[in-house]
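K.L.:
Structure provided below as structure tokens; questions to follow.
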Amino acid sequence: MRELVSVIVPVYNVELYLKFCVESIIMQTYENLEIILVDDGSKDGSPHICDAFLNKDKRVRVIHQQNQGLSAARNAGIEVARGKYFTFVDSDDYIRKDMIERLVNLVERKKVDIACCEYEEVFFHKKIPVNYERGSNLVYRNRVDELKELFGTKRISIVVAWGKVYKAELWKDIRFPIGKLHEDEATTYKIISKAKKIVHSDRKMYYYFQRSDSIMGSDFNEKKLELLDELKKQISFFEQENLRSVLPDATFNYLRRIAMSYAYYKECRGKKSKLEEIKKRYTHEYKEMRSYIDKLDCRRQIILKIFLFDINVGRIVVKIKKKFKQIKMLKVK
């Protein structure tokens with residue numbers, strides 16, 4: 001029998017999407033699964049749907065807990081998981097029927113610690129496409145190159161926890177931060193730093209469901225500024241782990257996000273005192289991290305200098321991104 005794979009699904013108020021999600025997991029061509037549904041205090045019919053699947057398929061396990069957030073739900077699943085491999089699926093998304101089998105095959109045959117696939121954005125749940133392509137392009141990276149890619153391109157398929165099969169041992173002493181936004185960004189880099197080899201397939205096997213409210217995003221608030229503190233922790237982490245070649249990329253990401261936070265905050269008519277605080281933080285950090293900035297390519301150095309000259313430049317970028325999302329949403333209606 002093939003190795004057990006633990007599929008961890010955090011569940012919260014997703015009764016309209018949950019059945020579609022779990023059925024896509026149950027129908028996987030890779031059958032040796034334990035499907036862990038973690039109901040995080042849902043107020044709708046989600047708990048009943050979870051229990052119905054418990055009776056329908058013996059591979060399903062259900063945890064009901066008080067609402068603590070996405071991180072706590074994922075952590076609860078990790079604590080009870082028994083598989084040699086882990087994968088995460090968000091409860092309003094779904095996966096192609098051969099995703100787990102293909103990714104497990106990559107881990108085992110290519111002797112890697114993490115296997116990743118690409119995703120497709122979907123705006124309405126639809127029949128899962130059958131894709132008979134014979135091959136796919138594979139990209140292999142060590143942990144340093146993967147971290148550079150994480151901070152360099154900001155590709156969502158690298159940042160997020162889903163769309164991957166991991167060796168379970170990578171999660172031995174790592175958990176998602178409870179009560180924090182951007183839990184993937186606060187965790188993924190730690191997992192990558194423990195991996196010796198990662199492989200990426202360009203097959204789109206994860207279907208990332210976009211609701212109208214998630215497309216437009218929520219209003220900016222002070223809690224989102226917590227991410228800046230986490231990004232600063234990343235820089236300290238790489239120093240401690242002697243991953244100094246990653247520091248310029250992590251520094252650029254950190255400073256860029258400070259400028260973008262200022263832009264979002266101003267678009268939402270934030271308090272002047274908070275805006276001044278962010279401005280001062282950018283200027284201070286730019287000076288403190290100059291040694292890392294000097295190692296960046298010219299394009300990135302120019303970007304940071306422009307922001308240093310006038311941090312308001314980020315507002316233009318924010319407006320363009322917002323307009324692009326609006327146009328994208330209109331096209332699919």
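The values are calculated or read from the model by the stated rules, or taken from the named source; none is laboratory data. On a predicted model such as this, the values are computed, not experimentally measured, just so you know. Using ideal geometry, Cβ is built from the backbone for each residue, glycine included, and neighbour counts are taken over all protein chains shown.
K.L.:
When only residues in segment 262-313 that are in contact with a Phe, Trp or Tyr (Cβ under 8 Å, 6 or more places away or on another chain) and charged (D, E, K, R) count, which is farthest from E226 (Cα to Cα)?
P.N.:
The extreme case among them is R300.
K.L.:
Determine whether segment 49-58 contains at least one residue that is among the β-branched types (V, I, T), out of contact with any Leu (no Cβ under 8 Å at 6 or more places or on another chain) and assigned to a helix (DSSP H, G or I). Can you show your working first?
P.N.:
If we filter segment 49-58 for residues that are among the β-branched types (V, I, T), which is where we start, we get 49.
If we keep only those that are out of contact with any Leu (no Cβ under 8 Å at 6 or more places or on another chain) as well, we get none.
The answer is no, given that none of the residues of segment 49-58 is among the β-branched types (V, I, T), out of contact with any Leu (no Cβ under 8 Å at 6 or more places or on another chain) and assigned to a helix (DSSP H, G or I).
K.L.:
Does any residue of segment 38-47 turn out to be part of a loop (DSSP other than H, G, I, E, B), of a type in the set (G, A, S) and either touching a residue at least 40 places away in the same chain (Cβ under 8 Å) or at positive phi (or both)? It would help to see each step written out before you state the result.
P.N.:
Of segment 38-47, the ones part of a loop (DSSP other than H, G, I, E, B) are 41-45.
Now drop any that are not of a type in the set (G, A, S), which leaves 41-42, 45.
Filter again for either touching a residue at least 40 places away in the same chain (Cβ under 8 Å) or at positive phi (or both), leaving 41.
Yes, there is a match, as at least one residue in segment 38-47 is part of a loop (DSSP other than H, G, I, E, B), of a type in the set (G, A, S) and either touching a residue at least 40 places away in the same chain (Cβ under 8 Å) or at positive phi (or both).
K.L.:
Moving on to the next point. Determine which single condition T29 fails, assuming it passes every other condition in (1) surrounded by fewer than 16 Cβ atoms within 10 Å (Cβ to Cβ); (2) among the β-branched types (V, I, T); (3) in a strand (DSSP E or B).
P.N.:
It is condition (3) that T29 fails.
K.L.:
Spot the failing condition for S193; the list is (1) in a loop (DSSP other than H, G, I, E, B); (2) closer than 19 Å to L243 by Cβ; (3) free of Cβ contacts under 8 Å to residues at least 60 places away in the same chain, and only one is missed.
P.N.:
Tallying (1) in a loop (DSSP other than H, G, I, E, B); (2) closer than 19 Å to L243 by Cβ; (3) free of Cβ contacts under 8 Å to residues at least 60 places away in the same chain, S193 fails exactly one: (1).
K.L.:
May I ask you to say which residue of V38, V80 is closer than 25 Å to S157 by Cα and assigned by TED's automatic domain parsing to the domain that holds K164? Please lay out each step first, then the result.
P.N.:
On the way: V80 fails: closer than 25 Å to S157 by Cα.
Only one candidate passes the filter, namely V38.
K.L.:
Any residue that is at pLDDT 90 or above and in a loop (DSSP other than H, G, I, E, B) - is there at least one of those in segment 197-216?
P.N.:
From segment 197-216, those at pLDDT 90 or above are 197-208; that's our starting set.
Those still in the list that are in a loop (DSSP other than H, G, I, E, B) too: 197.
Yes, segment 197-216 has at least one match.
K.L.:
Name the pairs: first residue in segment 172-183 and free of Cβ contacts under 8 Å to residues at least 40 places away in the same chain, second residue crowded, with 16+ Cβ neighbours inside 10 Å and among the hydroxyl-bearing types (S, T, Y), Cβ to Cβ under 9 Å, at least 6 apart or on different chains?
P.N.:
I174/T187
K.L.:
Next question. Residues in segment 1-15 that are closer than 21 Å to F176 by Cβ and either of a type outside the set (A, V, I, L, M, F, W, C) or outside any strand (DSSP E or B) (or both): how many? So that I can check it myself, show each step before the final result.
P.N.:
Taking segment 1-15 and keeping what is closer than 21 Å to F176 by Cβ, we get 5-14.
Add one more test, that the residue is either of a type outside the set (A, V, I, L, M, F, W, C) or outside any strand (DSSP E or B) (or both), and what stays is 6, 10, 12-14.
Adding up the residues that qualify gives 5.
K.L.:
Can I ask one more? Which residue out of L18, L106 is more than 29 Å from G179 (Cα to Cα) and either surrounded by 16 or more Cβ atoms within 10 Å (Cβ to Cβ) or touching a residue at least 60 places away in the same chain (Cβ under 8 Å) (or both)?
P.N.:
L106
K.L.:
Now, a different point. Suppose we keep only residues that are in a loop (DSSP other than H, G, I, E, B) and of a type in the set (D, E, K, R) within segment 232-277. Which one would you say is surrounded by the most Cβ atoms within 10 Å (Cβ to Cβ)?
P.N.:
Keep residues of segment 232-277 that are in a loop (DSSP other than H, G, I, E, B), which gives 241-243, 268-271.
Filter once more, keeping what is of a type in the set (D, E, K, R): 241, 269, 271.
On the way: E241: 13, R269: 8, K271: 10.
Out of the qualifying residues, it is E241.
K.L.:
Also, I was wondering about something else. V112: at negative phi, part of a loop (DSSP other than H, G, I, E, B) and among the hydrophobic types (A, V, I, L, M, F, W, C), yes or no? Can you show your working first?
P.N.:
Working: at negative phi: yes; part of a loop (DSSP other than H, G, I, E, B): yes; among the hydrophobic types (A, V, I, L, M, F, W, C): yes.
Here the answer is yes, as V112 does meet what is asked.
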